[in-house]
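The values are calculated or read from the model by the stated rules, or taken from the named source; none is laboratory data. Not measured: the values here are computed from a predicted model. Counting neighbours? That spans all protein chains shown, and the Cβs are built from the backbone with ideal geometry, glycine included.
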Amino acid sequence: MEFIDLKAQQNQLLEDGATLREDINRRIKKVLDHGRYIMGPEVNEIELKLAKYVGVKHCIGVSSGTDALLVALMALGIKPGDEVITTPFSFFATVETILLLGAKPVFVDIENLTFNLDPKKIEIAISRKTKAIIPVSLYGQPANFKEINLIAKKYDIPVIEDGAQSFGSKHNKKRSCGLSTIGVTSFFPSKPLGCYGDGGACFTNNDFLANSMRQIALHGQEKRYEHLRIGLNGRLDTIQAAVLLAKLNIFEREVHLRQEIGDKYTQKLNKKGFQKTPSLDPQNTSVYAQYTVQVESREEVIKFLTNKSIPTSIHYPKLLPDQDALCAKKSGFIKNFFHKKIYKSHVIPNARNLVSKVLSLPMHPMLSDKDQDLVVETLINANKSVNKLP
Ligand SMILES: *Cc1c(COP(=O)(O)O)cnc(C)c1O
């Protein structure tokens with residue numbers, strides 16, 4: 001059993017009877033034929049299609065989800081001394097990009113049920129230095145943007161959605177990445193919409209920010225060799241755009257399958273008395289980038305599952321503020337602009353509690369009923385066996 005099965009995805013049939021793999025081969029060959037590996041026509045084509053899919057005016061293809069965050073923060077003019085409110089429970093890139101620009105991350109606790117930033121705890125963390133809020137739509141379900149946007153509007157603070165795990169999901173019928181000032185996502189191979197390398201995108205309805213982000217991703221150029229600002233080499237490759245064009249054709253089908261399989265996991269586990277399953281906010285749909293449950297004695301449960309050849313993963317075993325790179329004592333890099341009091345003033349008990357319990361189960365659109373039943377049964381048995389331990 002695979003944790004995420006990208007091989008099975010390649011066997012999916014398209015409307016014209018070809019497999020996804022055949023279509024990808026065809027599209028890559030086309031790129032090799034025209035030879036425009038950088039900023040080829042496929043890049044513009046996928047940007048237009050993704051903007052339409054998300055329901056926003058602009059999509060800028062970039063080189064990764066991490067660069068998408070960096071480009072978005074740079075477009076908002078985030079600079080040393082600024083504060084950016086975010087979650088302590090995410091992939092490292094969320095905080096890394098804030099720190100790269102010399103800004104200070106201010107960690108606000110997550111909700112117990114959704115694992116996403118708790119809107120009720122944001123306001124007390126806002127200061128005159130707060131220049132952005134980055135909610136992460138973790139595991140595939142959007143954060144509570146309805147509430148977060150209200151607070152952001154009151155203080156006139158832009159909101160960047162880190163939608164690296166939630167691309168395709170909805171919040172009050174609107175697509176993830178189109179829910180706030182800027183939405184960013186990742187096309188890392190194992191993300192809900194993945195390419196075959198690194199890739200990402202920034203989304204916005206704001207013309208000015210779109211123009212800025214486009215320039216920043218192209219070395220700050222307006223046209224060739226005219227550099228208006230400091231940017232980076234942040235482009236989406238033509239070949240990755242070609243892969244995404246092929247995969248986008250089956251993506252909506254996969255989004256539905258993901259929801260079905262995620263819902264089935266929850267029903268099956270609950271029916272067998274296992275209640276620590278993911279909670280979906282009624283405002284949301286989820287693409288279940290991860291299907292993540294909570295267990296006690298996690299190491300024992302993992303051992304039990306591994307013995308039965310069931311792969312698992314932990315997203316994430318350590319909170320962002322606990323990473324060595326963020327500890328003033330251990331990292332000279334951070335010392336200059338990092339204030340310990342930020343951690344002290346904002347307690348994060350929910351994140352602290354959940355980080356030791358989360359466990360992600362195999363999850364992808366091709367997961368069979370048989371495999372899913374085996375995972376469910378084995379997890380139930382693992383729980384029983386572990387609880388019997390002295
Ligand atoms: C994967 C991920 C990123 C980084 O994306 P890359 O394309 O790997 O750079 C950022 N944030 C979150 C929440 C992610 O899951």
ask   = Of the residues in the range 127-153, how many are in contact (Cβ under 8 Å) with a residue 60 or more places away in the chain, within 16 Å of the ligand (Cβ to nearest atom) and part of a loop (DSSP other than H, G, I, E, B)?
value = 2
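Going by what's in this entry, would V136 be described as farther than 28 Å from P41 by Cα, in the same structural domain as T114 (by TED's automatic domain parsing) and touching an Asp or Glu at 6+ places or on another chain (Cβ under 8 Å)?
Considered against the rule, which asks whether it is farther than 28 Å from P41 by Cα, in the same structural domain as T114 (by TED's automatic domain parsing) and touching an Asp or Glu at 6+ places or on another chain (Cβ under 8 Å), V136 comes out as yes.
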Matching residues, the range 89-107, being under 14 Å from V347 (Cα atoms) and modelled with pLDDT of 95 or more = F89
task = Report yes if F167 is of a type in the set (F, W, Y), closer than 25 Å to Y316 by Cβ, surrounded by 20 or more Cβ atoms within 10 Å (Cβ to Cβ) and within 13 Å of the ligand (Cβ to nearest atom), otherwise no.
result = yes
ask   = Applying the selection to the range 87-126, what residues are of a type in the set (V, I, T), surrounded by 21 or more Cβ atoms within 10 Å (Cβ to Cβ) and more than 16 Å from the ligand (Cβ to nearest atom)?
value = V106, I122
ask   = Quick one: would you say L245 is away from the ligand (no atom under 16 Å from the Cβ) and farther than 30 Å from A382 by Cβ?
value = yes
ask   = Do we have G178 as within 15 Å of the ligand (Cβ to nearest atom) and either in contact with an Asp or Glu (Cβ under 9 Å, 6 or more places away or on another chain) or not in a loop (DSSP other than H, G, I, E, B) (or both) here?
value = no
inquiry  = On the basis of being modelled with pLDDT under 95 and of a type in the set (A, V, I, L, M), does A152 make the cut?
reply    = no
ask   = Among the residues of the range 154-164, which ones are in a loop (DSSP other than H, G, I, E, B) and either surrounded by fewer than 23 Cβ atoms within 10 Å (Cβ to Cβ) or of a type in the set (S, T, Y) (or both)?
value = D156, I157, P158
task = Could you tell me whether any residue of the range 59-73 is more than 9 Å from the ligand (Cβ to nearest atom), charged (D, E, K, R) and either over 21 Å from N233 (Cβ atoms) or under 17 Å from the mean Cα position of the chain (by Cα) (or both)?
result = no
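Which is modelled with pLDDT under 95 and out of contact with any strand residue (DSSP E or B) (no Cβ under 8 Å at 6 or more places or on another chain), of S286, S279, S297?
S297
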